[in-house]
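Notes follow once the structure below has been shown.
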Amino acid sequence: MDKEARIYVAGHEGLVGSTITRHLREQGFNNLILKPRDSLDLCRQESVKNFFAFEKPEYVFLAAARVGGIAANQQHPADFIRDNLQIQTNVIDSAYRHGVKKLLFLGSSCIYPRLASQPIHEECLMGGYLESTNEPYAVAKIAGIKMCQAYNRQYGTDFICVMPANLYGPGDNFDLENAHVLAALMHRFHLAKLNGEKEVAVWGTGKPRREFLHVDDLAAAVILLMNIYSGSEIINIGSGKDISIAEAAQLLKEVIGYSGAIVYDTAKPDGTPQKLLDINKIKALGWQPVITLEEGLRSTYKWFTEYYRRHARD
Ligand code: GDP
């Protein structure tokens with residue numbers, strides 16, 4: 001990508017899109033195309049077609065998606081499969097029809113089989129049953145990958161796909177019920193500290209293992225790949241380390257300075273037992289994660305408390 005390239009970041013208001021946008025600007029890319037959610041509904045085919053015809057982007061980061069934690073996925077399975085299929089189909093097809101030079105599609109580590117051998121190699125895709133708590137979301141994301149690969153094969157496009165581990169960072173959704181685990185627990189521990197509550201409930205048994213990746217590390221990886229990688233093989237992006245939910249909760253408790261107890265609500269689901277990606281492929285391409293989980297949680301908590309204070313005043 002040259003610095004004048006017309007780059008469309010789909011989903012620039014979300015965690016991933018906003019971070020990619022900030023990194024692009026810091027690297028001197030000034031010709032960014034950003035369209036707020038309320039002025040372009042990516043689920044509407046006609047609107048997306050017209051937008052591409054008018055804006056003619058050269059590069060597309062497809063970071064727009066309906067995302068959420070384990071509870072949101074279970075409560076809104078239809079919304080997760082429909083919105084994601086619509087968004088990605090509209091954007092990928094318009095990118096092809098309007099001559100986009102390159103598109104990067106964001107998948108997810110949850111698309112791999114529930115019982116994939118760990119660390120999960122890219123070749124494990126479609127080798128077994130999916131985790132039921134987020135199957136509709138995963139099926140949509142798998143369809144997005146297959147669509148990029150099919151367009152590359154039939155139309156000669158340059159569409160690449162990456163699979164990030166569980167992401168977190170400033171700008172995340174911190175909703176107590178619908179967010180992913182680190183953001184939801186950060187919020188819950190923070191409130192418990194403020195209100196002097198004696199205990200905080202962590203969902204499930206605390207035994208599942210997750211690999212967490214700071215969104216700044218992800219943004220550096222996807223911009224690198226947009227610049228140097230072409231091909232239909234999917235690429236994992238992770239921190240290379242996993243920890244149990246119990247260990248993550250303990251770390252959060254320390255970072256936040258909460259002194260009460262942790263209790264486990266085993267009526268809530270555990271989800272998949274482990275998700276740790278094999279990141280040898282992206283490492284060989286010249287990227288590696290630089291933000292440790294502890295550092296990342298500390299800076300995210302700083303961001304969260306400032307945001308929380310600002311919004312509490314509104
Ligand atoms: P997943 O990786 O798709 O399962 O997504 P989540 O980030 O939602 O959940 C990860 C793990 O954290 C699961 O085992 C959850 O049961 C557990 N967990 C513990 N407390 C919470 C919480 O407050 N919110 C969420 N979303 N998950 C939690």
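Read the figures in this text as sums done on the coordinates, not as results from a lab. All figures in this text were calculated on a predicted structure; none of them were measured in a lab. When we count neighbours, we look across all protein chains shown, and the Cβ atoms used for this are built from the backbone with ideal geometry, even at glycine.
Couple of notes before you dig in:
- Altogether, the Stokes-Einstein calculation at 10 °C and 1.306 mPa s, with the Kirkwood radius of the chain over Cα pairs as Rh, returns a diffusion coefficient of 79 µm²/s.
- The chain: most fluctuating residue of Q274, Q118, Q288 per GNM, C-alpha cutoff 10 Å: Q118
- For the chain, relative contact order (Cα pairs under 8 Å, six or more residues apart, normalised by length) works out to 19 percent.
- Globularity ratio of region 93-141, using Cα Rg and 2.2 N^0.38 Å: 1.44
- All other residues whose Cβ lies under 15 angstrom from that of E295 are scored, Lys and Arg at +1 and Asp and Glu at -1, for a net of -1.
- Summing +1 for each Lys or Arg and -1 for each Asp or Glu among the other residues whose beta-carbon sits under 14 angstrom from that of K49 gives 0.
- Cα pair count fraction exceeding 18 Å, expressed as % - region 160-314: 60 percent
- Cβ-Cβ FRET estimate between E123 and L285, R0 fixed at 22 Å, reported to 0.05: 0.85
- For region 7-313, a crude dipole built from +1 on the beta carbon of Lys and Arg and -1 on the beta carbon of Asp and Glu, taken about the Cα centre, is about 340 debye to the nearest 20.
- Across R66, R210, R97, mean-square fluctuation computed from a Gaussian network of the chain (C-alpha pairs under 10 Å connected) peaks at R97.
- Between region 152-172 and region 44-59, the Cα center-to-center distance that results, in Å: 19 Å
- Secondary structure note: in the chain, about 5% of the DSSP beta bridges are antiparallel.
- Residues whose placed amide H lies under 5 Å from that of N236, excluding near-sequence neighbours: M163, I282
- Interchain or long-range residues, amide H under 5 Å from N166's placed H: E211, L213
- Using the Karplus relation 6.51 cos²θ - 1.76 cosθ + 1.60 with θ = phi - 60°, the per-residue 3J(HN,Hα) values for region 36-43 come to x, 3, 7, 10, 9, 8, 5, 7 Hz, with x marking Gly and Pro.
- Summed residue charge, Cβ within 12 Å of T305's Cβ, Lys/Arg positive, Asp/Glu negative: +4
- Less than 5 angstrom separates the built amide H of I160 from those of L103, L104, F105, all sequence-distant by 5 or more or on a different chain.
- R310-T292 pseudo-label distance in nm [points 7 Å out on the Cα-to-Cβ vector]: 2.9 nm
- If you run the Gaussian network model on the chain, springs between alpha carbon atoms under 10 Å, then out of A201, A140, A249 the most flexible one is A201.
- Over region 243-314: Kirkwood hydrodynamic radius from C-alpha pairwise inverse distances, Å: 15.5 Å
- Calculated diffusion of region 45-111, Stokes-Einstein form, Kirkwood radius summed over Cα pairs, 20 °C and 1.002 mPa s, µm²/s: 165 µm²/s
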